[in-house]
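**Q** Sharing a structure here in structure tokens format.
The values are calculated or read from the model by the stated rules, or taken from the named source; none is laboratory data. Every value quoted in this text rests on a predicted model; they were computed, and no experiment measured them. Cβ: placed from backbone, ideal geometry, glycine included. Neighbour counts: every protein chain shown.
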Amino acid sequence: MCVQNSGSDAGAIQPATPRLMGGGNPVVAQMWKLVEPVCSAEGMELVFVEFNKESQGRVLRLYLASGVPDRGVTLEDCAGISRQVNGLLDVYLPELDNYTLEVSSAGLERPLAKEIDFERFAGSRVKIRTAAPVSDRKNFTGILLGVSDGNVRLMVDDKTFVIPYGEITRAKLVNEDGVSQ
């Protein structure tokens with residue numbers, strides 16, 4: 001999936017933003033661009049971004065992971081990223097108002113968004129939802145086999161499914177025993 005760029009490179013074809021990284025939601029796509037460098041500079045990884053209308057109003061939710069092995073995300077990490085993101089939002093998205101910003105750890109059932117996540121967590125149990133049916137279904141739970149050529153491979157009940165990365169609307173690790181993966 002590609003889109004036409006309307007900037008100074010008008011006419012150049014650019015890859016479309018994947019659904020998991022904000023394709024179709026300009027606020028989410030912009031948040032990835034603004035927040036990922038901040039997280040990286042703080043030794044954190046931006047795992048997932050959500051912008052949803054909920055019963056209490058609009059919620060902008062950022063999920064983080066530590067960039068340091070065997071170190072979790074602390075309350076201080078979340079507060080620091082939250083302060084920096086609030087400043088960025090005031091400057092780069094001033095039209096965004098009446099929302100709640102939530103920053104938290106990705107947790108044990110970590111969302112998967114970046115294509116590399118589907119390789120990094122190969123061998124893990126995952127849930128995946130697609131926009132369009134793949135082999136007559138949109139919901140999958142199985143063992144992640146990895147990703148290649150833009151396709152995520154998943155083993156479900158001894159059957160391998162090949163799911164186009166660009167069709168995935170939601171994906172997360174499944175933690176059935178409460179133990180960190």
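**Q** So which residues in segment 52-93 are assigned to a helix (DSSP H, G or I) and charged (D, E, K, R)? Explain how you work it out, then say what you get.
**A** Of segment 52-93, the ones assigned to a helix (DSSP H, G or I) are 75-92.
Glu76, Asp77, Arg83, Asp90 - these are the residues of segment 52-93 that are assigned to a helix (DSSP H, G or I) and charged (D, E, K, R).
**Q** For residues that are outside any strand (DSSP E or B) and within 15 Å of Arg19 (Cβ to Cβ), tally how many sit in segment 123-170. Walk me through it before giving the result.
**A** If we filter segment 123-170 for residues that are outside any strand (DSSP E or B), which is where we start, we get 123-124, 135-136, 149-150, 157-158, 165-167.
When the remaining residues are screened for being within 15 Å of Arg19 (Cβ to Cβ), the result is 150, 165-167.
Count: 4.
**Q** Something else: Please go through (1) within 16 Å of Thr169 (Cβ to Cβ); (2) at pLDDT below 90 for Gln4 and return the number of the only condition it doesn't satisfy.
**A** Of the numbered conditions (1) within 16 Å of Thr169 (Cβ to Cβ); (2) at pLDDT below 90, the odd one out for Gln4 is (1).
**Q** Out of the residues in segment 94-111 that are assigned to a loop (DSSP other than H, G, I, E, B) and within 19 Å of the chain's Cα centre (by Cα), state the one that is farthest from Phe48 (Cα to Cα).
**A** Leu108
**Q** Can you confirm whether Leu20 is within 16 Å of Pro111 (Cβ to Cβ), hydrophobic (A, V, I, L, M, F, W, C), surrounded by 15 or more Cβ atoms within 10 Å (Cβ to Cβ) and at pLDDT below 85? So that I can check it myself, show each step before the final result.
**A** Working: within 16 Å of Pro111 (Cβ to Cβ): yes; hydrophobic (A, V, I, L, M, F, W, C): yes; surrounded by 15 or more Cβ atoms within 10 Å (Cβ to Cβ): yes; at pLDDT below 85: yes.
Yes, satisfied.
**Q** Among (1) in contact with a helix residue (DSSP H, G or I) (Cβ under 7 Å, 6 or more places away or on another chain); (2) closer than 30 Å to Gly146 by Cβ; (3) of a type outside the set (Asp, Glu), which single condition is Phe48 missing?
**A** In the conditions (1) in contact with a helix residue (DSSP H, G or I) (Cβ under 7 Å, 6 or more places away or on another chain); (2) closer than 30 Å to Gly146 by Cβ; (3) of a type outside the set (Asp, Glu), Phe48 misses (1) alone.
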